[in-house]
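Step one of this worksheet: look at the structure below.
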Amino acid sequence: MRNRRIRILFTIIVFVFALLGLIIPLSDNVNDISIFRFFPNINLGLDIQGGVLLEYSLDVPEGVDTSNVVGNVITVLRRRMDNAGYTEAIVSEVVSGGESRVRVEIPGISDTQRAEELIGSKGKLYFAEVLEVVESTTTPQITRNRTIQINGEQIEMYSYVRDSNNPNLWYRVKNVFEFGDSPFQITGLDVTDAVASLNSQGAGFVVNLNFNNEGRQKFELATANLINQRIAIILDEEVIIAPVVRERISQGRAEISGIESMEEAQNIAVLIKSGNLPVDLVKFQERTLGPTLGRDIVTTIINAGIIGLIIVMIYMIIVYRWMGIIADIALVYNSLLLMGVLSWTGAILTLPGIAGIILTFGTTVDGNIIIYERIKEELRIGRPPLTAVKFGFNKVFSTIFDANITTILAGLVLFFLTSGSIRGFSVTLIIGVLGAMFTNLVVSRLLLESTSHFLKPEKYVKGIVVEKGGTK
Amino acid sequence: MPNIDFVGKRTFFIYLSLALILFSVIVIFVKGFNFGVDFSGGSEIIVSFDKSYTIDELRNGLQKINPDYATAKIIQTNPGGGTLERFFYIITVRDSFPILEEKQAFINSLEESFSDSSLNIEQFNDVSGYAAREIRSYAWYAVIIALIVLLAYITIRFQFSYGVGAILALAHDVIITLGFYSLFGIEMNLTAIAAFLTLAGYSLNDTIVVYDRIRENRTKNRGMDIERVTNKSINEVIVRSLNTSLTTFIVVFIMLLLGGRSIASFAFGLTVGVIIGTYSSLYIASPIVIGMVKRRKKTQKA
């Protein structure tokens with residue numbers, strides 16, 4: 001009896017736990033897809049709700065340890081996503097086959113161009129003195145070039161840089177300013193803030209830059225010496241603008257003007273603010289799914305799953321009668337439990353994850369069938385219902401345990417060795433199989449033991465005379 | 001309880017399985033697999049139009065963009081149940097577009113070629129060849145390590161011969177199902193991998209239920225020879241095996257029929273796998289253990 005009380009307690013506690021996970025608002029997701037609208041706490045993967053997944057490998061120069069730069073890249077990309085308004089984006093490191101990569105997932109967008117522009121840009125900003133402007137369709141040759149060492153970095157003194165709007169326009173620039181005591185550069189590191197806005201004095205849009213102290217001094221020194229000459233603002237080896245300096249600028253501010261669209265201005269501001277990417281990123285894979293198509297696909301799959309499930313539930317009732325009804329209750333119980341755990345843990349549900357859920361339906365039904373066949377065997381040899389149920393459960397314990405532990409072991413291997421959507425599969429599989437074991441061994445047992453008088457042993461007993469109506 | 005002689009006919013079924021495996025291997029070698037972009041690399045693009053095109057019209061349009069796209073795979077599809085009054089096509093090209101400008105240029109020329117039908121890019125999956133190779137390699141690691149762990153577990157809980165039997169049955173199921181994928185040209189992609197993993201779990205589960213009963217019956221009936229114990233055990237669990245298989249089959253088969261293209265690779269694998277897995281757990285997994293157990297007894301006596 002004590003056992004049963006513990007089972008009742010566990011059954012109810014677990015049920016309430018699952019239900020709370022579904023009801024308490026844990027996140028501000030809005031799931032409007034199929035049955036997920038009833039489970040707003042479940043994080044849906046991009047292959048379900050639509051969005052873009054971009055994965056990049058790092059083009060690390062030889063001799064540099066990738067693990068040192070990955071963190072830096074993630075920070076820069078995270079900042080870029082936030083500044084650009086994609087605050088829901090997930091930026092993460094993916095380790096696979098000994099190689100580190102960076103993955104950016106942005107839910108809900110289908111136009112990937114802007115995201116790709118932001119991610120792919122190195123965001124390297126610097127100012128340079130313009131020596132010459134040439135018009136040519138090919139890269140002009142630099143004849144006399146020399147390098148200079150600044151802060152341990154080897155910098156080429158002169159280079160040709162293309163105009164960002166006119167691919168035929170080239171600027172010969174001097175990358176290093178040689179005023180004052182020692183040569184210096186003005187880069188994105190000297191900028192504290194970059195804000196995009198409408199140009200109040202003319203056409204187009206501007207980006208206002210604010211320098212830090214050191215940057216302010218350097219900028220003042222440079223502008224003081226370059227009056228009536230042009231100074232180029234270069235982002236990712238393209239000249240954004242090369243205005244003529246009219247006066248010495250000492251307020252620590254600069255303005256990049258002549259930008260054609262607000263979006264471009266915002267992109268430039270985001271890139272400058274988020275800092276430089278230390279390495280080039282090479283696109284490894286892209287998966288973009290439009291939100292409407294995603295919704296259609298998932299709805300179709302779930303509808304098919306539900307139809308199948310209902311047929312199975314009816315089948316169970318036909319074959320196992322009262323025990324079939326209990327199997328169906330167990331199935332619903334385990335489904336709620338799974339959804340609850342997914343809500344609590346914030347695990348991401350992917351399409352293969354839905355496949356995992358379907359598999360755990362199978363495991364739950366299977367566990368019940370194993371139990372019921374055993375109970376039937378016990379009834380056949382003439383045991384009374386309650387004893388048959390108890391014996392049945394005791395005997396199937398090791399079967400259910402062994403059969404499911406192997407599945408969980410396989411799931412764990414998968415979880416640790418894979419990434420992305422297959423990992424989503426292993427997550428739902430592990431949770432679901434554990435839930436199925438609990439449901440079958442505790443919940444089903446409780447229900448069957450309390451309702452064992454509904455079982456009709458005479459149906460299973462052949463050749464044994466049963467006293468009819470004699471018990472009560 | 002049924003009383004079917006599973007064990008007595010084991011030689012026949014082992015030969016039948018060997019024949020099926022041989023057939024699968026030949027089909028795989030001759031016909032190969034229909035690899036999706038996950039494995040072969042390239043781009044799979046789902047586009048929709050507000051009017052219908054024939055495959056030839058689409059191919060001509062693609063060919064104009066790049067003569068290489070004459071070999072593109074084009075499938076008309078219907079994402080199902082949708083409210084969208086549009087026509088969907090899946091275009092698979094070998095190219096991957098790692099650089100944004102290239103991809104944009106491709107999309108722009110698509111829009112130009114089919115300018116009068118409001119083209120929409122619904123899905124864009126771009127996997128570089130390297131990614132595909134890598135997915136394949138980590139899948140293998142996962143499979144090998146999982147097999148070792150499972151062999152160890154079954155050896156601890158049962159006996160080494162049972163572990164080998166379970167894994168042979170598993171390999172049997174997977175190879176034959178792979179043969180079916182090849183035979184019917186079902187796409188091999190990540191969801192197909194998920195199907196194989198599911199199938200592995202299912203096959204093992206089924207096998208272990210039988211093994212468990214054999215273990216129980218062996219301790220209960222000491223002295224009874226292994227053939228009879230095995231046969232008795234299989235007969236005792238067959239109703240459960242058939243009921244479980246049938247219920248699983250119902251779900252996956254309906255998914256295959258109604259679930260649409262994106263789940264088809266998964267549902268196909270399970271629909272075939274359930275049948276093969278049930279067969280192997282009844283006729284293959286336990287009968288081959290008998291051979292091993294007997295051989296071991298002989299060597300122990302000698």
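Suppose we flag trypsin sites (Lys or Arg not before Pro) only when DSSP calls them loop and at most 10 other Cβ atoms lie within 10 Å. Which is the longest uninterrupted stretch of chain B?
Details: sites that count: B:LYS51, B:ARG222.
Counting at most 10 other Cβ atoms within 10 Å as exposed, the longest clean stretch of chain B is B:52-221.
How far, in degrees from 0 to 90, does helix A:213-225 lean away from the longest principal axis of the Cα atoms of chain A, to the nearest 10?
Value to nearest ten degrees: 30.
Using 10 Å bins from zero, what percent of all Cα-Cα pairs in the range B:42-127 falls into each bin?
17, 56, 24, 2
Under DSSP H, which helices of chain B have Cα atoms covering 24 Å or more of the helix axis and a Kyte-Doolittle average no less than -0.5? Intermediate values should be presented prior to the final figure.
Numbers: long enough: B:10-31 (30 Å, 2.13); B:129-157 (42 Å, 1.12); B:160-184 (36 Å, 1.52); B:190-220 (45 Å, 0.18); B:226-258 (45 Å, 1.04); B:261-283 (33 Å, 1.12); B:285-301 (25 Å, -0.62).
Helices meeting the span and hydropathy rule in chain B are B:10-31, B:129-157, B:160-184, B:190-220, B:226-258, B:261-283.
Work from the charge dipole of the protein assembly as shown (Cβ charges, +1 for Lys and Arg, -1 for Asp and Glu, about the Cα centre) and give the residue of B:ASN231, A:ALA265, B:ILE75 farthest towards its positive end.
B:ASN231
What's the center-to-center distance, using Cα atoms, between the range B:189-228 and the range A:125-154 in Å?
71 Å
In this model, which of B:LYS9/B:LYS297; A:LYS124/A:LYS273; B:LYS220/B:LYS298 are farther than 18 Å apart at the alpha-carbon? Walk me through the intermediate numbers first.
Values: B:LYS9/B:LYS297 22 Å; A:LYS124/A:LYS273 11 Å; B:LYS220/B:LYS298 23 Å.
Pairs exceeding the cut-off: B:LYS9/B:LYS297; B:LYS220/B:LYS298.
How much FRET efficiency would the formula 1/(1 + (r/R0)^6) give for B:LYS9 and B:ILE55, where r is the Cβ-Cβ distance and R0 is 45 Å, rounded to 0.05? Kindly include the intermediate steps, with their values, before the conclusion.
Values: r = 49 Å, r/R0 = 1.10.
The computed FRET efficiency comes out at 0.35.
Using only the Cα atoms of the protein assembly as shown, what are the Rg and Dmax in Å?
In Å, with Rg to one decimal and Dmax whole: 32.9, 115.
When ligands, DNA and RNA are left out and all protein chains stay put, how many square angstrom of accessible area per residue does the range A:122-276 have with a 1.4 Å probe?
Details: 8010 Å² over 155 residues.
For the range A:122-276, the per-residue accessible area is 52 Å².
Once every DSSP H run of n ≥ 4 in chain A is given -39500 (n - 2.57) and the sum is divided by its residues, what mean residue ellipticity at 222 nm do you get, rounded to the nearest 500 deg cm²/dmol?
Details: 12 runs with 220 residues, N = 472.
Counting only the DSSP helices, I get -16000 deg cm²/dmol.
Taking each residue of B:96-102 in turn, how many C-beta atoms of other protein chains fall within 10 Å of its C-beta, and what is the average? Please report the intermediate quantities before stating the final value.
On the way: counts 4, 2, 9, 4, 9, 2, 0.
Mean number of neighbouring Cβ atoms from other chains: 4.
If I model a spin label as a point 7 Å beyond the Cα along the Cα-Cβ vector, how far apart are those points for A:GLN113 and A:ARG246 in nm?
Between A:GLN113 and A:ARG246, the label points sit 3.5 nm apart.
Return the value, in Å² to the nearest 100, of accessible area buried between chains B and A (probe 1.4 Å, both sides summed).
Buried area (both sides, nearest 100 Å²): 5800 Å².
How much of the accessible area of chain A, probe 1.4 Å, is carbon plus sulfur, in whole percent? Write down the numbers at each step before the final one.
Working: 11740 of 21260 Å².
Of the solvent-accessible surface of chain A, carbon and sulfur hold 55 percent.
Once you put a point 7 Å from the Cα of A:GLN149 and another 7 Å from the Cα of A:ILE405, both along the Cβ direction, what distance in nm separates them?
6.4 nm
What does the charge dipole of the range B:42-127 about its Cα centre add up to, to the nearest 20 debye, if the Cβ of each Lys and Arg holds +1 and the Cβ of each Asp and Glu holds -1? Show your work: numbers first, answer last.
Details: 7 positive and 14 negative charges, 46 e Å.
The dipole magnitude comes to about 220 debye.
Between 0 and 90 degrees, rounded to the nearest ten: what's the tilt of helix A:66-83 against the longest Cα principal axis of chain A?
90 degrees
Using only Cα atoms, locate the centre of the range A:245-287 and the centre of the range B:247-270, then give the distance between them in Å, rounded to an integer.
Using only Cα atoms, the two centres lie 50 Å from each other.
Given a Förster distance of 25 angstrom, what is the FRET efficiency for A:GLU449 paired with A:ILE381, based on the Cβ-Cβ distance and rounded to 0.05?
Working: r = 19 Å, r/R0 = 0.76.
Once rounded, the FRET efficiency stands at 0.85.
What's the center-to-center distance, using Cα atoms, between the range A:416-440 and the range A:166-191 in Å?
Here the two parts' Cα centres lie 55 Å apart.
What's the FRET efficiency of A:ASP32 with A:ILE306 using the Cβ-Cβ distance as r and R₀ = 25 Å, to the nearest 0.05?
Details: r = 18 Å, r/R0 = 0.71.
Given R0 = 25 Å and the Cβ-Cβ separation, E is 0.90.
So which trypsin sites (Lys or Arg not before Pro) in the range A:346-402 end up in coil per DSSP with only 10 or fewer other C-beta atoms within 10 Å?
Details: sites: A:ARG374, A:LYS376, A:ARG380, A:LYS390, A:LYS395; in loops: none.
Taking the range A:346-402 and a limit of 10 other Cβ atoms within 10 Å, no loop trypsin sites (Lys or Arg not before Pro) are found.
Order A:PHE38, A:PHE284, most accessible first, counting only protein heavy atoms with a 1.4 angstrom probe.
Values: A:PHE38 140, A:PHE284 5 Å².
Result, largest first: A:PHE38, A:PHE284.
With the convex hull built on the Cα atoms of the range B:121-215, state its orientation-averaged projected area in nm².
Values: hull surface 30.6 nm².
In nm², the orientation-averaged hull projection of the range B:121-215 is 7.6.
Which distance in nm do the two modelled labels at A:ILE8 and A:ASN212 give, with both placed 7 Å along the Cα-to-Cβ direction?
6.8 nm
By what distance, in whole Å, do the Cα atoms of the range A:122-276 stretch along each of the three principal axes, largest value first?
Largest to smallest, the principal-axis extents are 41, 39, 30 Å.
Rounded to two decimals, what is Rg over Rh for the range A:51-119 when you use alpha-carbon atoms and the Kirkwood radius? Please report the intermediate quantities before stating the final value.
Numbers: Rg = 12.4 Å, Rh = 12.6 Å.
With Rg and the Kirkwood Rh in hand, the quotient comes to 0.99.
Rounded to two decimal places and with Rh computed the Kirkwood way over Cα pairs, what is Rg over Rh for the range A:77-189?
Details: Rg = 19.1 Å, Rh = 17.5 Å.
Value, to two decimals: 1.09.
Which trypsin sites (Lys or Arg not before Pro) does the range A:277-321 hold that lie in a coil by DSSP with at most 15 other beta carbons within 10 Å?
Working: sites: A:LYS283, A:ARG287, A:ARG295, A:ARG321; in loops: A:ARG321.
Sparse-neighbourhood loop trypsin sites (Lys or Arg not before Pro): A:ARG321.
Give me the orientation-averaged projected area of the Cα convex hull of chain B, in nm², one decimal. Let's see the in-between values first.
On the way: hull surface 76.7 nm².
Seen from a random direction, the Cα hull of chain B projects 19.2 nm² on average.
Please check chain A for the longest run free of GluC sites (Glu not before Pro) that are loop-located per DSSP (anything but H, G, I, E, B) and have at most 15 other Cβ atoms within 10 Å.
On the way: sites that count: A:GLU62, A:GLU88, A:GLU178, A:GLU237, A:GLU247, A:GLU260, A:GLU467.
The longest such stretch corresponds to A:261-466.
Work out the length of the dipole vector of chain B about its Cα centre, built from +1 on the beta-carbon of each Lys and Arg and -1 on the beta-carbon of each Asp and Glu, and round it to the nearest 20 debye.
On the way: 28 positive and 25 negative charges, 552 e Å.
For this selection, approximately 2660 debye.
When the helices in chain B are scored as -39500 (n - 2.57) per DSSP H run of 4 or longer and the sum is shared across all residues, what 222 nm value do you end up with, to the nearest 500 deg cm²/dmol?
Mean residue ellipticity, 222 nm, calculated: -24000 deg cm²/dmol.
The values are calculated or read from the model by the stated rules, or taken from the named source; none is laboratory data. Every value quoted in this text rests on a predicted model; they were computed, and no experiment measured them. All Cβ positions, even for glycine, are placed from backbone atoms using ideal geometry, and neighbour counts span all protein chains on display. Just so you know, the surface numbers come from the protein's heavy atoms only, side chains and all, with ligands and any DNA or RNA stripped out. Shrake-Rupley method; radii C 1.70, N 1.55, O 1.52, S 1.80 Å.
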